[in-house]
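Novice: Here you go, one structure.
The values are calculated or read from the model by the stated rules, or taken from the named source; none is laboratory data. This structure is a prediction, so every number in the text was calculated from the model and none was measured. All Cβ positions, glycine included, derive from the backbone under ideal geometry; neighbour counts span all protein chains shown.
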Amino acid sequence: MTILESDIKFVTTQVMDDVPEGGGAPTANVIADGASNAVFKDVSAVDRARGDVSIMKIAATIQTLNTDTALGGLVIISRAPADPNVSPALFYTGDFFDRRASIQNRIEAYTSPGEEFNGYMLSNHVQGQRSLQIFQRPGATPPTVNGTLQISGGGKTEYVRVSDVSIEQRTYSYSNGGAFVDYAAQVCVCELVDGLKNDYTGTPANRLFERSSTAAAVNKMLVANASKFYGIAKLVAPVSTGDLSAQVNTINTQLVPSATTEIPLTDMSAAGSSTTLVASGSGTVSLTTGVAFGPNAIIGFGNPAYPGSLSVATSAGTLTDDGGRLKLGALTIGAVNYAGGSMTFASDAPAIGGNKTITFRPAGAPIELADSASIAVTVESRRINYPLTILPPPAPGSLRVAYRAGGNWYELADDGGGRLSGTSSSIGSGTVDFVTGTALPTLGTLPDVGSEIIFTWAAKSNYKDRSGTLTAAVSIMLALDNQAAQSGTVSVDWNDGTARHASDNGSGAHGRRHRPGVLYGEHHGGEAQRAAGLGRGLHGGLQPRRAVLEGLPGAGARCRWCDHPQPRQDQHCAAVALARLEPRAGVHRRRAGRPVGAAELRGHQDGDRQRRRQAGGRAQCGVRHHRLHHRRGEAVS
């Protein structure tokens, strides 16, 4: 006779309960087809909130009176649960008599213990401890973040996951012949996701880096894939009979509830949510809009606003800001984002129509956390108020106060108006005075002993308001191919968005608003200079690095003492500064009541004075150093 579909049945095992001794051998008790909660119990509210893993063992049998051979069978999950948070999975252990505890070990055997770690547990560790100290040789490979380790000792075994690793280089000593000898060691302090479930005996530091035989051992975990799990997934593309592949939405299923959730952080700065606000200018910006104000409306200003400067004139009254709160009189109707330059109305804000005039003082919002300080939390200093005076005072909107309580970090932020607050009132509150620099945070609960209260802020002195400051003129030095230039022949053309042209007027100055200057001759070539505020004649007590003769003399006229071009009778030699300027030299001195005495010009090359030589009362000059005396009506002395 044929084996019918109705002959294939599921039966219970010896203990149909989600306990360590659950499971066992199959029984003859048939599980009713389609009955609710015949295998698993209902999901409780506690399990739905905290998560749960339920493992039940059932068996498949063929109950028939004929003697036909059963050639095999297939068990599938044909329909997924309606609750997306419930993930079913099937797996086969090959043991008809195993219990839940051994089944759980097979599930956890996705990773199996490997070789002993290159290091051992330093000293004793107690139950609940969330850190693990591993003693290693210097340069040894430390545990990896998010890696899993097995700790076994004293008949107890558990698995821990590492969330963070810090490496410390320490120096230890041992006694040798009455003297102490130092040796180096590496200690890895591993932060654990969960606290230890048992107490473990560690090994003291020793120079041989050997673990005591009675101490706990630390082993690496290797991926083993000891079991195959079968679940259900949705098709993302139609399939037909004979297809060799199918596309589904996922090939993974959940086995163990996770206590962590992935939250991507994008476009974040190292300063976090800090928004330092710096006033820009003393004026205000006004704009008029007809956009309707109402519940959940967001209005942008187009620029960051300085705290306390916002004023919005409306038909319902004037809206103002108060420490990040948007107020209509005494009523708070929204919030102000100073750095983002916007205001957001609350869900119960009144509707306001008509034209509105928004006035505010513009501000800059640089991202900066330049300074930090901390207060250690000890058993003696543990409290909820931690005042701190910050000098110089912090910039508005930049102060952050972070503390740890119950293993979690909480933060109080300055709203720019002198108030410290968190995401909720239970986290804490406080004040900050931007004049005296005094910050007084009040924590929502007592911080953890051994942690620190961390203050971070940016100083106002790091930025200077330069609004209204004129940009300094650009100075460009142009060499004229090391040749002297004839007066009235130099011109400069350039384009700064508009075609420009400038030419000299024959006396060393270019016309037009750019105020360039020309040095017609020099000992070793000519130069054209376009600069603002650099004078030609230094009759005010400035010494040039190089001296030139201004103006061109008649053809062939030379100075009979220094062989330089001879100036005309009505001109004096003039010195023009090209670089570093120093006082005292190049000055026409007044002597014995005479209008103008001798003018002494001294040129310097690279700041070094060359020696002057006197020969027969006449002055001699070198290539870049000369001394000329022009008396009344004479070209040379």
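Novice: Any residue at all in segment 414-426 that is in contact (Cβ under 8 Å) with a residue 24 or more places away in the chain and more than 20 Å from Gly308 (Cα to Cα)?
Specialist: Within segment 414-426, not a single residue is in contact (Cβ under 8 Å) with a residue 24 or more places away in the chain and more than 20 Å from Gly308 (Cα to Cα).
Novice: Here's a follow-up. Just wondering, is there one or more residues in segment 177-199 that are within 25 Å of Gly450 (Cβ to Cβ) and without any contact (Cβ under 8 Å) to a residue 40 or more places away in the chain?
Specialist: No, every residue in segment 177-199 fails to be within 25 Å of Gly450 (Cβ to Cβ) and without any contact (Cβ under 8 Å) to a residue 40 or more places away in the chain.
Novice: Checking the condition surrounded by 15 or more Cβ atoms within 10 Å (Cβ to Cβ), among the aromatic types (Phe, Trp, Tyr) and touching a His at 6+ places or on another chain (Cβ under 7 Å), which residue from Tyr172, Tyr110, Tyr120, Tyr200 passes?
Specialist: On inspection, the qualifying residue turns out to be Tyr200.
Novice: Filter segment 342-396 for residues that are small (Gly, Ala, Ser), within 23 Å of the chain's Cα centre (by Cα) and surrounded by 16 or more Cβ atoms within 10 Å (Cβ to Cβ); which is nearest to Ser315 (Cα to Cα)?
Specialist: Ala363
Novice: Name the residues in segment 224-251 that are surrounded by 10 or more Cβ atoms within 10 Å (Cβ to Cβ) and among the hydrophobic types (A, V, I, L, M, F, W, C), would you?
Specialist: Hits for segment 224-251 are Ala224, Ala226, Phe229, Ile232, Ala233, Leu235, Val236, Val239, Ala246, Val248.
Novice: Looking at segment 301-318, which of its residues are surrounded by 13 or more Cβ atoms within 10 Å (Cβ to Cβ) and under 34 Å from the mean Cα position of the chain (by Cα)?
Specialist: Phe301, Asn303, Pro304, Ala305, Tyr306, Pro307, Gly308, Ser309, Leu310, Ser311
Novice: Also, I was wondering about something else. For segment 313-334, state whether one or more residues are in contact (Cβ under 8 Å) with a residue 60 or more places away in the chain, closer than 27 Å to Pro441 by Cα and in a loop (DSSP other than H, G, I, E, B).
Specialist: Scanning segment 313-334, I find at least one residue that is in contact (Cβ under 8 Å) with a residue 60 or more places away in the chain, closer than 27 Å to Pro441 by Cα and in a loop (DSSP other than H, G, I, E, B), so the answer is yes.
Novice: For segment 398-409, name all the residues that are under 14 Å from Asp371 (Cα atoms), part of a loop (DSSP other than H, G, I, E, B) and either free of Cβ contacts under 8 Å to residues at least 12 places away in the same chain or not aliphatic (A, V, I, L, M) (or both).
Specialist: Ser398
Novice: Enumerate the pairs (first residue in segment 44-68 and of a type in the set (Gly, Ala, Ser); second residue anywhere and surrounded by fewer than 13 Cβ atoms within 10 Å (Cβ to Cβ) and not in a loop (DSSP other than H, G, I, E, B)) with beta-carbon separation below 9 Å, excluding pairs fewer than 6 apart on the same chain, so at least 6 apart or on different chains.
Specialist: From segment 44-68, the pairs are Ala59/Ala25.
Novice: Could you say whether any residue in segment 150-173 is among the charged types (D, E, K, R), closer than 21 Å to Leu208 by Cα and either part of a strand (DSSP E or B) or at pLDDT below 90 (or both)?
Specialist: yes
Novice: Still on this model: Could you list all residues from segment 483-524 that are out of contact with any Gly (no Cβ under 9 Å at 6 or more places or on another chain), at pLDDT 75 or above and surrounded by 15 or more Cβ atoms within 10 Å (Cβ to Cβ)?
Specialist: Correct list: Val492 only.
Novice: Additional query: Of the conditions (1) without any contact (Cβ under 8 Å) to a residue 12 or more places away in the chain; (2) in a helix (DSSP H, G or I), Ile107 clears all except one; give me its number.
Specialist: (1)
Novice: A follow-up question, please. For segment 366-382, does any single residue satisfy the condition of being aliphatic (A, V, I, L, M), in contact with a Leu (Cβ under 6 Å, 6 or more places away or on another chain) and either at pLDDT 90 or above or part of a loop (DSSP other than H, G, I, E, B) (or both)?
Specialist: Checking segment 366-382: not a single residue is aliphatic (A, V, I, L, M), in contact with a Leu (Cβ under 6 Å, 6 or more places away or on another chain) and either at pLDDT 90 or above or part of a loop (DSSP other than H, G, I, E, B) (or both).
Novice: State all residues of segment 76-97 that are touching a strand residue (DSSP E or B) at 6+ places or on another chain (Cβ under 6 Å) and under 23 Å from Val256 (Cα atoms); if no residue qualifies, say none.
Specialist: Once the filter is applied, which keeps residues that are touching a strand residue (DSSP E or B) at 6+ places or on another chain (Cβ under 6 Å) and under 23 Å from Val256 (Cα atoms), segment 76-97 yields only Leu90.
Novice: A follow-up question, please. Which one of Tyr230, Tyr172 is hydroxyl-bearing (Ser, Thr, Tyr) and closer than 27 Å to Ile103 by Cβ?
Specialist: Tyr230
Novice: Given Gly114, Gly73, which one is small (Gly, Ala, Ser), out of contact with any helix residue (DSSP H, G or I) (no Cβ under 8 Å at 6 or more places or on another chain) and in a strand (DSSP E or B)?
Specialist: Residue meeting the stated conditions: Gly114.
Novice: Do you know which of the residues in segment 2-16 that are surrounded by 13 or more Cβ atoms within 10 Å (Cβ to Cβ) and either aliphatic (A, V, I, L, M) or in a loop (DSSP other than H, G, I, E, B) (or both) is modelled with the lowest pLDDT?
Specialist: Ile3
Novice: Right, another one. Tally time: how many residues in segment 231-278 are more than 30 Å from Leu149 (Cβ to Cβ) and either in a loop (DSSP other than H, G, I, E, B) or modelled with pLDDT of 85 or more (or both)?
Specialist: Number satisfying all stated conditions: 30.
Novice: Hey, another quick one. When you scan segment 184-196, do you find a residue that is surrounded by fewer than 12 Cβ atoms within 10 Å (Cβ to Cβ) and aliphatic (A, V, I, L, M), even just one?
Specialist: Scanning segment 184-196 turns up no residue that is surrounded by fewer than 12 Cβ atoms within 10 Å (Cβ to Cβ) and aliphatic (A, V, I, L, M).
Novice: Still on this structure: Taking Thr284 and the conditions (1) modelled with pLDDT under 90; (2) polar (S, T, N, Q); (3) under 26 Å from the mean Cα position of the chain (by Cα), which numbered condition does it fall short on, given that it satisfies the others?
Specialist: All conditions are met except number (3).
Novice: Output yes when any residue across segment 60-69 is closer than 25 Å to Ser227 by Cα and either small (Gly, Ala, Ser) or exposed (fewer than 13 other Cβ atoms within 10 Å of the Cβ) (or both), and no when none is.
Specialist: Yes, some residue in segment 60-69 is closer than 25 Å to Ser227 by Cα and either small (Gly, Ala, Ser) or exposed (fewer than 13 other Cβ atoms within 10 Å of the Cβ) (or both).
Novice: Looking only at residues in segment 203-223 that are assigned to a loop (DSSP other than H, G, I, E, B) and of a type in the set (A, V, I, L, M, F, W, C), which one is surrounded by the fewest Cβ atoms within 10 Å (Cβ to Cβ)?
Specialist: For segment 203-223, the residue satisfying everything is Leu208.
Novice: Among the small types (Gly, Ala, Ser), crowded, with 22+ Cβ neighbours inside 10 Å, modelled with pLDDT under 90 and outside the structural domain of Asp321 (by TED's automatic domain parsing) - does that describe any residue in segment 423-438?
Specialist: Scanning segment 423-438 turns up no residue that is among the small types (Gly, Ala, Ser), crowded, with 22+ Cβ neighbours inside 10 Å, modelled with pLDDT under 90 and outside the structural domain of Asp321 (by TED's automatic domain parsing).
Novice: Among (1) assigned to a loop (DSSP other than H, G, I, E, B); (2) modelled with pLDDT of 85 or more; (3) under 30 Å from Thr148 (Cβ atoms), which single condition is Gly94 missing?
Specialist: (2)
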